[in-house]
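Working notes, beginning with the structure itself.
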Amino acid sequence: MTAFSQPNSTVSSGVSLPTNLQGGAGALVGGARAENVTSQSESPTQLAVRRFRTNKIAMIALVGFIVICCASFATPWLEQHWAGRTAVEQNLDGTMQLNGKKTEVVDLRGMPAVGPGLRKEYTFGADGLGRDVFIRAMAGGSVSLRVGIGATVLCIVLGTLVGILGGYYRGRADKILTYVVDVMIAFPFMLFMIALSAAIAMSGQIGPIKSTSILVPMIMLGALSSFGFSRVIRANAIELGNKEYVEAARALGGNDKRIMFLHVLPHLVPTIITYSGILLAAMILGEAGLSFLGVGVQPPTPSWGNLINDGRAFYSTAWWVAAGGGIPVMLTVLCANLVGEGLEEAFDPKGSR
Amino acid sequence: MGGFILVRMLDGVVKLLLVSMILFWVLVVLPPGNPAIRFAGKTPTEESIKAVEQRFCFDGGNFAAYRCFLKMTVTGNFPSPSQGNTNIVPAALKAVPVTFGLAILAAIIWLAAGVTAGAKGATTAGSKLDRTMMVVALIGISFPTAWLSLLMLKWFSADIPLFPPGGYVGPGDGGLFGWMHSMFLPALTLAIVNAGVYTRMTRTTVRAKLREEYVKTAEAKGLPPRQVFGKHVMRTAMIPIVVMFGMDFAGLLGGAIFTESIFGLPGLGGFVMRGLGTTDFSMLFVGGLIAATFVIVANTIVDLVQMLLDPKLRSAH
């Protein structure tokens, strides 16, 4: 991913500067935060953390992401104390008391009649079944975020494993792995997901997992994206495998497993962390897309993609139903991308500018 | 060079075969139960199951059935039980130009916007314009396509009735204008989602090139800035963009599913989605295979174009 220039954020980008000087630059820019930095030498990780903390935009995005997560996982509390109804609870008679007046929530044609407003019930309006869009957006968030984060972790674990094995061992195993990855990348991604989920839906049950479980889209997204990610890891692992210290470890008699996990893997961590933000963004968009098409998270479980799909029927009149899914996805993806970018700059200030 | 092309084409064919095998496995072997019963439709009878078994060679085992499927697709005669035993290959092929037109129109918009904005951003890095463009690009990337499609429909079809709310007008029926009229909104939606990625990528590559020694040399020689930028910067900066474009374009041919289904375009995505509701997955198989062909052909073309643009790669072969 690319980086866009932020003023003041990476003044401390000169890697060759002595650390105390960098601390000074950081303090100048980032305000009070970096002031207590000692002139002791810092590990690259500490350096990266400090660079990230002086990056205002990335920090705001990180806070935004945490707020979205907290709000989503506080759904049960919000249901009870804010909206007074659960995410799947329908308003069957289609009316509510609004400012002491009886108001239609859903009109006779089944159109949502209550739009967004500053009130506790139906803060973001109602959907076609008289459900509270705000609560559904929050409940959907807890599902979408779980799918997104789970898929990201799975993608990273699988991709790293495949990439490191291929990149470190090279030879025939690598050739086979690379070819498998090439073939899988030749698949139109969304189409393959649709085909796979159609087949899974027909199966009803795969091992211990029900086909309607949110684990299905999570595993599918994570596993299928890991092929592309393994390429990145492989390229890095090849480079690391040729480094002197790896050769030294080998000369000292370290076995392959030990070298891979003790000497190669730790150096891949910056790459993995940098990519995690972008991957998370892609996964959340992927979940929204799949659920929108009806092959991701299965209704009645709310998810952001399902919410967009709920709003499809009344896109022009009750736009808020689709927005209840669309806005959170957009904000989350924006935050994840910005955090990813901040991480990229923090770990590799030269390369990204 | 000729040998290289041949090797790449053979490689593509082998990959396509592997992809078709995986597709067959996912769609036919993976779901539990006898595939013949599933293919016989919602109310299978003894005879219909027998007929399906024979036609799709299910009685000869999975591999024979796979060969049957492949043969029927390649020869263009695939009677799908769920579609009243009509041949679905012509329908799938008819969907291709719709998707192709959509993808081309979208690509023209997003490339023009993305590369121009990215190049401008790189030359004026750090300026207000540059920062604004990058933020706008990031917001574009963050939009879920499905929701953006709905918003576009609301704004430019319902609120301001500029475009039809969906449906497809072929160039044969409505002329070029009619076609553009029905295609513009979905193409614009796709372009908005993609333009951001290209803006940011162009900006990064162009900025990296601007720092290269040979660019400084060209400047020092006294070449006019326009020539330096066009010949020395943009030409090399285009290589990664072309590579990404090839992949994205091919992906669109198989994956413009949201846009097509929301705007009601009878493209490949719509074709595949129609197959989702049926008990046999023959439409998914045929549609998927066509889409995978596009991806693989595009990859091959990208490789060749990359070689033409990059003298370093050319001399390596």
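The values are calculated or read from the model by the stated rules, or taken from the named source; none is laboratory data. Values in this document were obtained by computation on a predicted structure and should not be read as measured data. Methodologically, a virtual Cβ is constructed for each residue, glycine included, from the backbone with ideal geometry; neighbour enumeration extends over all protein chains shown. Ligands, DNA and RNA are excluded from the accessible area calculation, which covers all protein heavy atoms including side chains. Shrake-Rupley method; radii C 1.70, N 1.55, O 1.52, S 1.80 Å.
Yes or no: the range A:342-349 includes at least one residue that is open to solvent by 30 Å² or more (accessible area, probe 1.4 Å) and within 10 Å of chain B (Cβ to nearest Cβ). There is no residue in the range A:342-349 that is open to solvent by 30 Å² or more (accessible area, probe 1.4 Å) and within 10 Å of chain B (Cβ to nearest Cβ).
The residues of the range A:326-337 that are touching a residue at least 60 places away in the same chain (Cβ under 8 Å), open to solvent by less than 30 Å² (accessible area, probe 1.4 Å) and facing chain B (nearest Cβ under 7 Å), listed by number, are A:Val329, A:Asn337. Of a type outside the set (D, E, K, R) and open to solvent by 20 Å² or more (accessible area, probe 1.4 Å): does that describe B:Tyr198? Against the criterion (of a type outside the set (D, E, K, R) and open to solvent by 20 Å² or more (accessible area, probe 1.4 Å)), B:Tyr198 does not qualify.
Only one residue in B:Gly269, B:Gly230 is without any contact (Cβ under 8 Å) to a residue 24 or more places away in the chain and either more than 12 Å from chain A (Cβ to nearest Cβ) or in a helix (DSSP H, G or I) (or both). Which one?
The conditions single out B:Gly230.
Flag set for A:Ala313, criterion: among the small types (Gly, Ala, Ser), open to solvent by 10 Å² or more (accessible area, probe 1.4 Å) and outside any loop (DSSP other than H, G, I, E, B). For the range B:160-183, the count of residues that are at pLDDT 90 or above and within 13 Å of chain A (Cβ to nearest Cβ) is zero. Taking the numbered list (1) part of a helix (DSSP H, G or I); (2) more than 14 Å from chain B (Cβ to nearest Cβ); (3) surrounded by fewer than 23 Cβ atoms within 10 Å (Cβ to Cβ) in turn, A:Val183 passes all entries but (2). Remark: pairs (first residue in the range A:141-161, surrounded by 23 or more Cβ atoms within 10 Å (Cβ to Cβ); second residue of a type in the set (D, E, K, R); Cβ separation under 8 Å; 6+ apart in sequence or on different chains) = A:Ser144/A:Glu287; A:Val147/A:Glu287; A:Gly148/A:Glu287; A:Ala151/A:Glu287. Which of the residues that make up the range B:129-150 are among the hydroxyl-bearing types (Ser, Thr, Tyr) and either open to solvent by 20 Å² or more (accessible area, probe 1.4 Å) or more than 7 Å from chain A (Cβ to nearest Cβ) (or both)? Scanning the range B:129-150 gives B:Thr132, B:Thr145, B:Ser149.
When the range A:309-325 is filtered for residues that are within 16 Å of B:Trp155 (Cα to Cα) and in contact (Cβ under 8 Å) with a residue 60 or more places away in the chain, the ones remaining, listed by number, are A:Gly311, A:Ala313, A:Phe314, A:Thr317, A:Ala318, A:Trp320, A:Val321, A:Ala323.
When every residue of the range B:206-221 is checked against the conditions, none turns out to be in contact with a Leu (Cβ under 7 Å, 6 or more places away or on another chain) and touching a residue at least 12 places away in the same chain (Cβ under 8 Å). Taking the residues in the range B:255-266 that are open to solvent by 10 Å² or more (accessible area, probe 1.4 Å) and under 17 Å from B:Ile290 (Cα atoms) as candidates, determine which candidate is nearest to the other protein chains (Cβ to nearest Cβ). Looking at residues that are open to solvent by 10 Å² or more (accessible area, probe 1.4 Å) and under 17 Å from B:Ile290 (Cα atoms), I get B:Gly255. Confirm whether B:Ala119 is under 30 Å from B:Leu176 (Cα atoms) and of a type outside the set (Val, Ile, Thr). So B:Ala119 does not fit the description; no.
Here is a yes/no grid of residues against (1) buried (at least 20 other Cβ atoms within 10 Å of the Cβ); (2) in contact (Cβ under 8 Å) with a residue 60 or more places away in the chain; (3) assigned to a helix (DSSP H, G or I):
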| position | (1), (2), (3) |
| --- | --- |
| B:Ala36 | yes, no, yes |
| B:Lys42 | no, yes, no |
| B:Ser48 | no, no, yes |
| B:Ala51 | no, no, yes |
| B:Gln54 | no, no, yes |
| B:Ala65 | yes, no, yes |
| B:Met72 | yes, no, yes |
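Taking the numbered list (1) of a type in the set (Gly, Ala, Ser); (2) in a helix (DSSP H, G or I); (3) more than 30 Å from A:Ala235 (Cα to Cα) in turn, A:Gly163 passes all entries but (3). Checked against the criterion of being under 22 Å from A:Ile308 (Cβ atoms), surrounded by fewer than 24 Cβ atoms within 10 Å (Cβ to Cβ) and at the interface with another protein chain (Cβ under 9 Å from one of its Cβ atoms), the range B:235-248 has no qualifying residue.
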